[in-house]
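To start, the structure itself, in structure tokens.
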Amino acid sequence: TESNTKMKLTACEKITLGTLMPVISAVIIELIVYFVTYEKTPFYHHISLKVNNIDYDSKFEKMDSQEYMELNHRVPSHLIHETFHGSQLRRQYVKSHVVQIIQAQGKVIIHAVLKFKSCFKNTAGKFQDRIETILYQKLKGKTGSLWVDSSSFKFSDIATLTAENLLNALLCCRNTPIPERGLKVNRGMDAQEGEWPWQASLQQNGVHRWGATLISNSGLFTPAHRFIKNNNEKEWNVSFGLLLSDPQTQQSIKDIIIHEKYHYPTRDNDIAVVHLPSPVLHTSNILRACLPEATHTFPPKSDVVVTGWGTLKSDRTSPNILQKGLVKIINNKTCNSEEVYGHVIIPGMLRVGFLKGSVDACQGDSSGPLKGTWVFAGTVKTLPNKPGVYTRVTHYRDWILSKTGL
């Protein structure tokens, strides 16, 4: 009958749909995964160009200099950002940064890295051609206050790891917020992922011994006295990351350079530089600390932060998570009084903490970095029931530069 035929057709349709639905679902899922993954895959490109109305200044060599940062803001903001925000690639353009400034006949050649999201409508080659064409057309026309020599323009792709390393290197001198008042390293305030990315752990035969501070791509700053009886590089390695148990990366040690004028057990010139066998790739969680200028001062009562994996309790157990704490700079006169340190504080030392020693670093924090809003101030030297004594980095800046090539 007609009704039976309709029922049979309906049954067939159900069987057909039941067969096709898993196939259709699988195809849709694959398409979604493909487009979502592909859309999130970044592309990086490198450009260089000469600017004829900016005279070269040696301060451009330092990424943390005001001159460098101003030019790094000016070129991307007034040239590259405007170019792509007004183009058909505005949805794909992510950011750009100046990564190097070099000299050419007294003027500057600027090297920059550009980041784009992928566009599935284009092959990589066509996408790159569009980017290059848009930039070149801009440079041939009006470039605002920058007099760009369009004939000097060079464009190329760049490997993802290389590009990310260059871009993240610019974060080294970022402004890390000072935590709220009252944090105490010896009471165990956990740091956050990527909050203090220059902090490293020096480990002897796989055991954390004390901290170190990354100050270049392959150099760390640390106290010298720790190596007097343990200076065999083969016993040591360095780890980076928030957790001691699960570091983001580890390296062996190439060599240990102790200050030539350090004589154990004195505290004067108690500094060393540790060299790694290969450069550390900068990420958002692994960055070098900025060295302050030799003339930089840290006023008394200034808030600074000390970090490390030092023992938290009397049982000498070290935390797995990096700790942080807020302390204050103490003036020389107070710390050199008879009841505190009795005139033993010398120019290469920085006094930090509280007069009763209630908040400061602990054993195992030694050489943990002391940071102002963004400047590396010193490294820990702990003494019981006293304000912390730190190596004053500004006092040894020239020595550090001579050993690290910064």
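With 0.36 nm allotted per residue and the present C-alpha distance subtracted, the ASP268-GLU132 stretch has 43.4 nm of extension available.
Each of THR295, THR391 was scored by other Cβ atoms within 10 Å of its Cβ. Arranged with the fewest first, they read THR295, THR391. Of the residues ALA169, GLN100, GLY86, the one whose Cα sits farthest toward the positive end of the charge dipole of the stretch 41-169, with +1 on the Cβ of Lys and Arg and -1 on the Cβ of Asp and Glu, is GLY86. Protection proxy ranking, highest mean first, for peptides 140-152, 98-110: 98-110, 140-152, where packing is the per-residue count of other beta-carbon atoms within 10 Å, averaged. Note on LYS126, LYS324: ascending count of other Cβ atoms within 10 Å places them as LYS126, LYS324, the fewest first. Note on the stretch 41-169: with charges restricted to the Cβ of Lys and Arg (+1) and Asp and Glu (-1), its dipole about the Cα centre is near 620 debye. Segment GLN248..ILE102, full-extension length gain: 49.3 nm, with 0.36 nm per residue of separation and the alpha-carbon distance subtracted. If the chain linking SER302 and LYS95 were pulled fully straight, counting 0.36 nm for each residue of separation and taking away their Cα-Cα distance, it would gain 71.0 nm. When its C-alpha radius of gyration is set against 2.2 N^0.38 Å (N residues), the stretch 41-169 gives a value of 1.02.
Its relative contact order, with pairs defined as Cα atoms under 8 Å and 6+ residues apart, puts the stretch 41-169 at 41 percent. If R0 equals 25 Å, the separation of the Cβ atoms of SER150 and GLN66 corresponds to a calculated FRET efficiency of about 0.30. Mean separation of Cα pairs under 8 Å and 6 or more residues apart, divided by the residue count, gives the stretch 72-137 a relative contact order of 30 percent.
No lab work stands behind these numbers, since they all come straight from the coordinates. Note that the structure is predicted; figures quoted are calculated from it, not measured. Cβ coordinates were reconstructed from backbone atoms using ideal geometry, including for glycine residues, and neighbour counts include every protein chain displayed.
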